Amino acid sequence: MSQTQIEMPPGFDNLPKAEQVRYLQALWDQISEKPEEIPVPESHLQLAEERLRRYRQNPSSSQPAFEVIDRLASR
């Protein structure tokens, strides 16, 4: 996915960082209302397919997502 330089809304740079974050969260909430319209890079699809293939070959080698998240958070 290529990155495009976009123009910030007028006054955005003058907002406190907390307000900028709230703006971005609201923007993402609006965008994510239609997840089927969000492009997924081919590399992400390939990675998901590979992980699913490995899981199907050996389901006992997988770990629950919450365990992985906890392990990563404790680093």
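Readers should treat all values here as calculations from the given coordinates under stated rules, not as data from a laboratory. Bear in mind that the values here come from a model prediction, so they are computed numbers and not experimental data. Note that we place each Cβ from the backbone using ideal geometry, even for glycine, and neighbour counts take in every protein chain shown.
Could you sort the peptides 3-11, 46-54 by per-residue average Cβ neighbour count (10 Å cutoff), highest mean leading?
Numbers: 3-11: 6.9, 46-54: 10.4.
Peptide ranking by packing, descending: 46-54, 3-11.
So for the chain, taking the charge dipole from beta-carbon charges (+1 Lys/Arg, -1 Asp/Glu), which of 11, 32, 59 sits furthest toward the positive end?
59
Using unit Cβ charges (K, R positive; D, E negative) and no other charged atoms, how large, in debye to the nearest 20, is the dipole of the chain about its Cα centre?
On the way: 9 positive and 12 negative charges, 101 e Å.
The calculated dipole for the chain is roughly 480 debye.
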